[in-house]
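Taken together, the values in this text are just the output of simple stated rules run on the coordinates, not laboratory data. Because the structure is predicted, anything quoted here is derived from the model rather than measured. Methodologically, a virtual Cβ is constructed for each residue, glycine included, from the backbone with ideal geometry; neighbour enumeration extends over all protein chains shown.
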Amino acid sequence: MERIILTGFMGAGKTTAGKALGNRLSVPVYDTDVLLEQKLGMSMNEIFDQFGEEEFRRKETAMLRELPEGPAVITTGGGIVMKEENRELLKQKGRIFYLSCEFNALYERLKEDTTRPLLKEKTKEQIYQLFESRMSAYEEGAIVIETTGKNPKEIAADIAARL
Ligand code: S3P
């Protein structure tokens, strides 16, 4: 089985849909953020506070290179596609599915979130700008899965139907 990589903006449901897909296909699920948090023994907020975004991005690329081999679902942090190096690595590592979601649905999930450092002190308009600026990077080389209004099991089924 080819490895499956899920990308998409914060709140698109990569982690929950990834777990549902891993269950469905009986393969392990690796989340780049969780692996990094475990490796460093820190939360994402702590990582950003201590190292800053630039250093987080370096660690994120290193984590991508270190991912275990073999069949798996890999779920990624929402900004991973912003570096060309990462996009190339992702293409080499498996088939990429971009979990696309309407901005307002994302925002409803994100507006009370305190675990994501990039959302701190950002207005809805600023988060929308970030969303917009990333769109083409998400679409590059990916199969687009529309997720708005779908639950994780439905998203997993949609991905499985495209394998
Ligand atoms: C980020 C998304 C987060 C995490 C970090 C940065 C981003 O992952 O990697 O806070 O740049 O969009 P999720 O997409 O899982 O929230």
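I need the full set of residues from the range 112-161 which are under 24 Å from Gln92 (Cβ atoms), part of a helix (DSSP H, G or I) and touching a Phe, Trp or Tyr at 6+ places or on another chain (Cβ under 8 Å), in order please.
Residues satisfying the conditions are Arg134, Tyr138, Glu139, Ile159.
Which pairs have Cβ atoms under 8 Å, sit 6 or more apart or on different chains, and link a residue in the range 58-78 that is among the acidic types (Asp, Glu) to one that is within 10 Å of the ligand (Cβ to nearest atom)?
That search, which allows pairs on different chains as well, returns Glu60/Thr32; Glu60/Leu36; Glu60/Gly77; Glu60/Gly79; Glu60/Ile80.
Within the range 56-67, restricting attention to residues that are in contact with a Phe, Trp or Tyr (Cβ under 9 Å, 6 or more places away or on another chain) and farther than 19 Å from Thr114 by Cβ, which residue is farthest from the ligand (Cβ to nearest atom)? Steps first, answer last, please.
Taking the range 56-67 and keeping what is in contact with a Phe, Trp or Tyr (Cβ under 9 Å, 6 or more places away or on another chain), we get 56, 58-59, 67.
So of that shortlist, the ones also farther than 19 Å from Thr114 by Cβ come out as 58-59, 67.
Working: Arg58: 13, Lys59: 10, Leu67: 15 Å.
Per the criteria, the residue is Leu67.
On the basis of being within 14 Å of the ligand (Cβ to nearest atom), in a helix (DSSP H, G or I), within 16 Å of Leu6 (Cβ to Cβ) and of a type in the set (Ser, Thr, Tyr), does Tyr107 make the cut?
Details: within 14 Å of the ligand (Cβ to nearest atom): yes; in a helix (DSSP H, G or I): yes; within 16 Å of Leu6 (Cβ to Cβ): no; of a type in the set (Ser, Thr, Tyr): yes.
Considered against the rule, which asks whether it is within 14 Å of the ligand (Cβ to nearest atom), in a helix (DSSP H, G or I), within 16 Å of Leu6 (Cβ to Cβ) and of a type in the set (Ser, Thr, Tyr), Tyr107 comes out as no.
Which ones in the range 1-25 are in a loop (DSSP other than H, G, I, E, B) and away from the ligand (no atom under 13 Å from the Cβ)?
Scanning the range 1-25 gives Met1, Glu2, Arg3.
Identify the residue in the range 26-52 that is in contact with a helix residue (DSSP H, G or I) (Cβ under 7 Å, 6 or more places away or on another chain) and within 10 Å of Val73 (Cα to Cα) and, among all such residues, is farthest from the ligand (Cβ to nearest atom).
Step by step, filter the range 26-52, then rank; the result is Pro28.
Assess whether Gly70 counts as being more than 9 Å from the ligand (Cβ to nearest atom), part of a helix (DSSP H, G or I) and loosely packed, with under 15 Cβ neighbours inside 10 Å. Explain how you work it out, then say what you get.
Working: more than 9 Å from the ligand (Cβ to nearest atom): yes; part of a helix (DSSP H, G or I): no; loosely packed, with under 15 Cβ neighbours inside 10 Å: yes.
Judged against the criteria, Gly70 is not a match.
Would you confirm whether or not the range 46-61 contains a residue that is under 17 Å from Lys93 (Cα atoms) and of a type in the set (D, E, K, R)?
yes
Can you name the number of the only condition in (1) within 30 Å of Gln92 (Cβ to Cβ); (2) touching a residue at least 60 places away in the same chain (Cβ under 8 Å) that Arg109 fails?
(1)
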